[in-house]
1. Quick check: the angle from helix 221-236's long axis to the longest principal axis of the chain, C-alpha only, nearest 10 degrees?
2. Within 10 Å, count the other beta carbons around each residue, average over each peptide in 6-17, 22-33, and list them highest first.
3. Rounded to the nearest 0.05, what FRET efficiency is calculated for residue 253 and residue 91 with R0 set to 51 Å and r the Cβ-Cβ distance?
4. Helix-only mean residue ellipticity at 222 nm, the chain, DSSP H runs n ≥ 4 weighted -39,500 (n - 2.57), per residue, nearest 500. What is it?
5. Hey, what did the chain get for relative contact order, percent, Cα under 8 Å, at least 6 apart?
6. Largest first, please: the extent of the C-alpha atoms of the range 106-335 along each principal axis, to the nearest Å.
7. Tell me the angle of helix 22-33 to the major Cα principal axis of the chain, expressed in degrees between 0 and 90 and rounded to the nearest ten.
8. Determine, for each peptide in 57-66, 327-336, 257-266, the mean count of other beta carbons within 10 angstrom over its residues, then list the peptides with the highest first.
Ligand code: PHE
């Protein structure tokens, strides 16, 4: 085989060189370009070539040497470092591996949406402890000492000294805000609450609330209704209507339950609204003057309204969740249905 033919064969071979690791690439370098490497040997032989052929052959040989160097460098760079498994630049055009993505829990999604709706109309977010004293959870809110809500049936008492319990609502946070700040107060308190109830499709011993409070001079019931109407439309769409039914809470007077036209059947009747066309979404009322007094706010000067809703309930209506227990089971088949894209790459 002439020198020229051997160069052509080597050029061919060069193209199919491969190395998995940097060590393998280094071995290739030795074999090709080392002291006894094939290219080096060729240059030795080149010395014997007749001088009239040297010019042309020399160019071909140099080209082989340069491309052997380049090819082996390239292999070295893309090879996996032997031993530590670090990848080199690899093939950056390969499609990425798709990993399963997580998603926010439906309760987190809906709680945030509620906060956003009120945030846009000027409500701040307030937080308080989940283990609460009797004063903030009950007494300041006008619960008489023998009120059934204080009973063991409803409240989880905690063995942490007298009168400590898991809060049964986040109205306790509103008491804390009124005690520590001056009107105007416009705040919502999202958080976990606890009630000693048997767990079923319709009830759980812990759930999430968002309660709201607005205290200022001249706050009226009409403003309460307007605020809640705005909330219902912002959450469920411009077509829904609300209606207020007289009710009773120790801390509001007058008090009302808020119904919304059923967002599922549009009011024509379905099993979610039990064919009434209306679904209950929250409680509300004007803050009882006695509560304002208990919290150091003069009811002769200020008035206020309050409302409170269950996040599970709102999520149930938004997403048609048939059983409240699903929120706590962490079944991925349930949870992944709420992937709203927030965590997608
Ligand atoms: N605290 C009440 C509850 O836990 C809800 C509510 C809040 C009602 C504010 C009226 C005013 O159900």
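1. 30 degrees
2. The peptides rank, most packed first, as 22-33, 6-17.
3. In this case the efficiency is close to 0.10.
4. -11000 deg cm²/dmol, from helical runs alone.
5. 15 percent
6. 46, 42, 28
7. The two axes meet at around 20 degrees.
8. Going from most to least packed, we get 257-266, 57-66, 327-336.
Taken together, the values in this text are just the output of simple stated rules run on the coordinates, not laboratory data. Note that the coordinates shown come from a computational prediction; the quantities given were computed from them, not determined experimentally. We place every Cβ from the backbone using ideal geometry, glycine too, and count neighbours over all the protein chains shown.
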